[in-house]
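Report on one structure; see the data block that follows.
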Amino acid sequence: MLIQNSYIRESIFLFRKNMSYQPTVPIDKLPSHFISHDTESHKKWHTGSVTRFASPFVDVFKDRIDFDPIVMAHATTLLGFTNRDFYEYPEIAVHCVAYFNELFDLLPVAHFFYSNVFLEKYGVKLQTTNTLPWIVVGDRPIKNPEDADKIQKFEKEDLTPDKCKTTELHWRAFDYEKANIPDMMLPMHNVFCLFSMAAELVGPEKFIIWTRKEPKACHKILDALAYTSANGASLTADRYGFDMMVIGSVLANSTVLPPKYVKEFSFDHQRDFVRRALAGGGGPQLWYHLCGDHSRDYPMWRDVITTPFTVIHIGYYGDDVFPGDLLKKEFGNRMTLLTTVDGKRMIEPNFSFIYEQSKSQLLKARDSPRGCILGTTCETPLITNPGCTLAAVKACKDYGTYGTW
Amino acid sequence: MVMIDVLVPKEIENALAQKGISADMCKKLVYEAEEKKAKLINKVTGENLAKKIMDNITLYVMYAPAAPGTHPVTAYVIKKVYSHKMRMKNLVYTVPEEVKDWWCAKDDVQTVRGQFDLEYMGIVRMAPTLTCPKCQESYIEEDIAAKPVAVAEMLFEKKRA
């Protein structure tokens, strides 16, 4: 009996393991579940939203500052789909983000991206769960510094969708947008954080130790990732004409590394990446996403490579949100600001807190010379309270006007 | 004037014509750049990059010796022309990052990466440049002029229309 039960359990386990995840709604039926963008009400909302979205970049101000909660799988879960729908079916991801944005009067674009891009090309195994994005599971491919000598730099032809899961997922999202919601299409290239990606290849703790003990190996890995990622950006730009590039310094922050190391292992490699990617046709919009605590390293980020459409987004100063007035003082004359409300508080049923913090940040940064957007410190959590999203939008309506009045 | 020939290939002449610029104007730009050493030199490829601010645009001309390796150079051939409408306003900062191949001809130093404020229709935004750390003369590279700067110009025109 015991053997039989064990056999049954093992069979069920193997069946579940081999069974691929099925989307909540079949992809061919997906467009019919959403309201068409041909409706007059959508067109009216979209026209206004586009003008508002463009306003910080062209100095023509609309009604109010935008709120960008950096919504990802929260859009799918809030709308009755799942976390795995978002990451494994990017078609569902973009349609849900588009609908979510209209629902809360946010940005006029849909988007799809995730953190651990291109790592599968380096032999990493990635999987999603019911609550997590693509995470690394199993062995790390770079076990010792000598392995770093052998790390590959991938060319564009190595990164086509048939050879690269990252490209396949992103292009499925953009192709779906083009076919079904073209007015909200946004080709993107998410570089994420080169330092975090390198750390995933080695193992985060080990890689952080290597920055002190094996810096040459770290630079080899970072060089390769910057090269590969720049080619990825170029490939997507070749297909869609452009791609907004999100560049992050997430694990490379002031809590984990001294500023000197943030510069050497994150900032310098990002500059290298950005210049390569622009030369390959990436951009023109650049979005610097500095998640985590940047209280000691923020001054260096004033010297990033910028295009006329560059946004700077810094999450935290220590444990607090990065102050909007400091962001304006340091970056306001150089790029568009994304001042933040605390993302981890977005799950609480404390709408007043989000409203007051949004108000405070907006009053500090709203008159920044090159425009301002309100956002969350990082991706809005999966279980974000929709009341908090509404609270931040309300604060934008009440205090997100431009000027110093 | 330096006595050199400047050869303008037909396709370059057509590209210039689209911008409303004559081949003679382009030649004059090269003569002036050679005379005043107001140019960047790529020490790997032997190419030169010169620019001229005109009424509505800044014109860039990339040119190289017609017969590479011969000295003195008696003829140059134009390789590329490109332009932008945004006006270069002021150098905001430079990063002492080597732009290995491009040197300032006047100061004989390697260029560094600069960030320049550009202005168009009253809107000021930054773009990266090749900059001489000594004289601070700055040049926008072709890919930057062709995409981020061109898109900005188009968007500013549309929004301000």
So the pair-distance distribution of the protein assembly as shown, from every Cα-Cα distance in 10 Å bins, comes to percents of 3, 16, 25, 25, 17, 9, 3, 1, 0, 0, 0
Residue of A:F309, A:F34, A:F100 that the Gaussian network model of chain A assigns the largest fluctuation, springs spanning Cα pairs under 10 Å: A:F34
Using a 10 Å cut-off on Cβ atoms, rank the peptides A:200-207, A:151-158 from the highest mean neighbour count down. A:200-207, A:151-158
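Among the DSSP beta bridges whose two residues both lie in the protein assembly as shown, what percent are antiparallel, rounded to the nearest 5?
60 percent
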Let me know the mean shielding of B:144-150 by other chains, meaning the per-residue number of their Cβ atoms within 10 Å of its Cβ. 5
Which of rounded, prolate or oblate describes the stretch B:1-121 when judged by the alpha-carbon gyration tensor and an a/c cut-off of 1.5? oblate
Using DSSP to define loop residues, name the trypsin sites (Lys or Arg not before Pro) in the stretch A:121-152 whose beta-carbon has at most 13 other beta-carbon atoms within 10 Å. A:K143, A:K150
To make sure I understand the rule: partners must be aspartates and glutamates, Cα under 19 Å from the Cα of B:K147, and not fewer than 8 residues away in the same chain. Which ones qualify? A:D238, A:D243, A:D272, B:D117, B:E119, B:E157
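Normalised by the number of residues in the stretch B:87-160, what is the relative contact order in percent for Cα pairs under 8 Å and 6+ residues apart?
Details: 126 pairs, mean separation 18.8, N = 74.
Normalised by residue count, the contact order of the stretch B:87-160 is 25 percent.
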A:S36-B:K37 pseudo-label distance in nm [points 7 Å out on the Cα-to-Cβ vector]: 6.9 nm
Which of A:K213/B:K100; B:K52/B:K158; A:K263/A:K394; A:K121/A:K178; A:K153/B:K158; A:K328/B:K85 have a Cα-Cα distance over 32 Å? A:K263/A:K394; A:K153/B:K158
How much length is gained if the chain between A:Q22 and A:R239 is pulled fully straight, taking 0.36 nm per residue apart and subtracting their Cα-Cα distance, in nm to one decimal? 75.3 nm
At 0.36 nm per residue, minus the direct Cα-Cα distance, what do A:I347 and A:V50 gain on full extension? Give it in nm, one decimal, please. 104.1 nm
Can you tell me which of A:V393, A:V25, A:V136 moves the most in a GNM of chain A? Springs connect C-alpha atoms under 10 Å apart. A:V25
Peptide B:86-95 - average C-beta neighbours from other chains (10 Å radius): 2
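Each reported figure results from applying straightforward, stated rules to the coordinates on display, with no laboratory input. Here the structure is a predicted model, which is why all the values come from computation and not from measurement. Neighbour counts are summed over all protein chains in view; Cβ atoms, including those assigned to glycine, are modelled from backbone coordinates with ideal geometry.
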